[in-house]
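The values are calculated or read from the model by the stated rules, or taken from the named source; none is laboratory data. None of the values given here were measured: they were computed from a predicted structure. With ideal geometry, Cβ positions are generated from the backbone for all residues, glycine too; neighbour counts draw on all protein chains shown.
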Amino acid sequence: MLICDAAASLLKSAEKLYDSKEAERIVMIIFNDLFQIYQIKSKQEDSRLSPLVLNTIKQRIENHEPVQYITELAYFYKSSFFVNPHVLIPRPETEELVDYIIQNFDNNSNLKVLDIGTGSGCIAISIQLLKDKWKVMASDVSKEALEVARYNAEHNQVDIEFVCNDILDENAWNELPKKLDIIVSNPPYIPFEEKKHMSLNVLNWEPELALFAEPNSLLFYDKIADFAWLYLNQNGSLIFEINEFQAEATYSLIKEKGFSSVEILKDIFGKYRMLMAKK
Ligand SMILES: C[S@@+](CC[C@H](N)C(=O)[O-])C[C@H]1O[C@@H](n2cnc3c(N)ncnc32)[C@H](O)[C@@H]1O
């Protein structure tokens with residue numbers, strides 16, 4: 001099939017589920033990242049694509065599969081990451097969390113950083129890439145996610161220590177690094193009752209373990225704050241991505257734990273998305 005016809009056919013499939021701008025973006029990503037075809041050419045100078053390959057991709061799109069799982073590639077901050085359905089697809093708002101850390105802490109001090117719930121490793125790896133004097137470590141409860149994170153660290157040529165650990169289990173906290181200067185986390189924070197409002201490309205494809213916090217959406221903030229209180233150095237920083245609808249409650253929780261300089265910041269879309277605090 002000619003490439004321009006293939007693109008038109010893929011666009012039709014994507015438009016069944018997405019608005020026309022998003023559908024166009026998906027088709028561009030498929031052609032760029034999967035087929036390495038950077039220009040959809042005119043009919044005269046067109047080359048060809050196997051209809052079998054094209055039909056498989058169409059089915060995957062129509063099955064609500066996120067384009068990043070189809071291409072196995074996500075771009076985050078200044079790097080690219082392998083992704084599969086064991087890890088959350090890195091989000092733009094999380095790039096702002098990383099940017100905050102990059103802009104506000106000096107590379108020359110040998111800081112020790114732990115990223116809790118690392119998933120694809122996007123936060124830890126992006127930080128380590130730009131702060132080469134720091135020691136960045138990362139944990140996750142999912143062995144499969146850690147496999148992806150390890151692959152991404154290798155692919156991005158950074159040396160990060162990964163630990164398989166359940167942060168909700170206080171008895172396992174001794175497995176994690178201590179005397180930390182920064183603890184950063186984008187933990188699961190969606191309450192189960194929000195499921196009914198979520199789109200199928202998230203619900204059917206991204207890992208439940210990465211999304212939902214039960215019995216309450218502040219569960220992880222509560223536990224991670226307790227862990228941080230024990231294992232952060234004095235004046236160390238606790239940095240969270242937060243649920244925009246739980247900003248006030250998260251702020252109060254962290255204040256009540258005894259942290260100082262608690263601050264909530266908005267993302268570029270004007271949503272309360274980040275919390276910073278000092279021990
Ligand atoms: C919202 S995702 C964040 C992933 C990645 N840091 C990012 O920002 O794209 C939350 C991560 O927490 C992990 N997780 C869930 N429960 C956990 C637990 N009890 N202990 C440690 N990590 C957990 C999930 O496997 C998932 O990778």
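Quick notes
- Meets criteria (part of a loop (DSSP other than H, G, I, E, B), assigned by TED's automatic domain parsing to the domain that holds Glu206 and either of a type in the set (Phe, Trp, Tyr) or touching a residue at least 24 places away in the same chain (Cβ under 8 Å) (or both)) for Ser120: yes
- Any hit, segment 236-243, residues being at pLDDT below 95 and under 30 Å from Leu17 (Cβ atoms): yes
- The single residue among Glu95, Glu161, Glu154 that is without any contact (Cβ under 8 Å) to a residue 60 or more places away in the chain, out of contact with any helix residue (DSSP H, G or I) (no Cβ under 7 Å at 6 or more places or on another chain), in the same structural domain as Ala225 (by TED's automatic domain parsing) and under 19 Å from Asp33 (Cβ atoms) turns out to be Glu95.
- Selection status of Pro187, buried (at least 20 other Cβ atoms within 10 Å of the Cβ) and near the ligand (Cβ under 10 Å from one of its atoms): yes
- Among (1) free of Cβ contacts under 8 Å to residues at least 12 places away in the same chain; (2) over 19 Å from Pro90 (Cβ atoms) - the single one Phe227 does not satisfy: (1)
- When Gln36 is tested against the conditions (1) at pLDDT 90 or above; (2) part of a loop (DSSP other than H, G, I, E, B), the lone failure is (1).
- Just one of the numbered conditions (1) β-branched (Val, Ile, Thr); (2) in a helix (DSSP H, G or I); (3) away from the ligand (no atom under 13 Å from the Cβ) is not true of Ile182: (2).
- Leu129 more than 25 Å from Pro66 (Cα to Cα), within 13 Å of the ligand (Cβ to nearest atom) and surrounded by 16 or more Cβ atoms within 10 Å (Cβ to Cβ): no
- Flag if Lys196 is assigned by TED's automatic domain parsing to the domain that holds Ile167, without any contact (Cβ under 8 Å) to a residue 24 or more places away in the chain and out of contact with any His (no Cβ under 7 Å at 6 or more places or on another chain): yes
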